[in-house]
Amino acid sequence: MTAPYRLLGISGSLRAGAFSTAIVQALAEAAAPDAVFDYADIGALPHFNQDLYVEPFPPAVARLRDQIAAADGLVIVSSEYNHGIPGVLKNALDWASRPHNGSPLQGKSVLIATSSPASTGGVRAQYQIRETLVSALARPVSTPEIVVGHVHTKMVDGRFDDAATIAFARAALATMFAEIAQQRMVQ
Ligand SMILES: Cc1cc2nc3c(=O)[nH]c(=O)nc-3n(C[C@H](O)[C@H](O)[C@H](O)COP(=O)(O)O)c2cc1C
């Protein structure tokens, strides 16, 4: 039996009770036992400042970069702020994106999901996240987008609870696992 895939869950929201964080958790449960999740603490990161991009990195930066390097893939779940990527998430991706050739993000499979109480489900942020990842030479998983509209109606006692979304996400996770397995074979 192959070892479970190691995935790093990143929530684009620092809010206690964030829908994004609840969806990360739901995806971790949906991915078991094929994958085990670690979780990033992007709220601990300083604002990106290129002057701080020197070794030794600030501890929270070093930890995030190590977590990404150790993972087979990332699962990013985010809301949308003012039609775009939340600043805290962009900050985290910027910290992980250097050096441009040889960053922890380079070649990493990334599954993206967005949500919103609105029907648009954060899809505009999703495309900005994807573009940032492409810039960092990561590999956004190519599946039908996981876009969760009316997310507040899909929560039960603080947990994301929507069978149709979970089934849809499971298919996307399977695509991601196949991509990671393919990469393992060529390495
Ligand atoms: C500063 C700010 C900007 C927002 N802009 C958008 C937006 O452009 N599109 C949208 O669908 N929702 C927008 N919202 C609503 C968020 O989708 C909603 O607050 C969501 O619950 C945040 O995600 P979270 O539950 O993961 O924290 C905005 C919320 C805030 C606080």
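The values are calculated or read from the model by the stated rules, or taken from the named source; none is laboratory data. Note that the structure is predicted; figures quoted are calculated from it, not measured. Cβ coordinates were reconstructed from backbone atoms using ideal geometry, including for glycine residues, and neighbour counts include every protein chain displayed.
Return the total of residues in region 102-131 being among the polar types (S, T, N, Q), buried (at least 18 other Cβ atoms within 10 Å of the Cβ), more than 14 Å from L89 (Cα to Cα) and within 11 Å of the ligand (Cβ to nearest atom). Final tally of qualifying residues: 2.
The residues on offer are R130, R139, R63, and the sole one that is modelled with pLDDT of 95 or more, over 22 Å from L173 (Cβ atoms) and of a type in the set (D, E, K, R) is R63. Among the numbered conditions (1) over 22 Å from Q182 (Cα atoms); (2) assigned to a strand (DSSP E or B), the only one that A92 does not meet is (2).
For region 70-82, check the following and say yes or no: at least one residue is of a type in the set (S, T, Y), surrounded by fewer than 23 Cβ atoms within 10 Å (Cβ to Cβ) and closer than 26 Å to R184 by Cα. No, region 70-82 has no match at all.
Cβ-Cβ distances below 8 Å connect the following pairs, each with a first residue in region 171-187 that is under 15 Å from V110 (Cβ atoms), a second residue that is part of a helix (DSSP H, G or I), and a separation of six or more residues or different chains: L173/L27; L173/A30; L173/A31.
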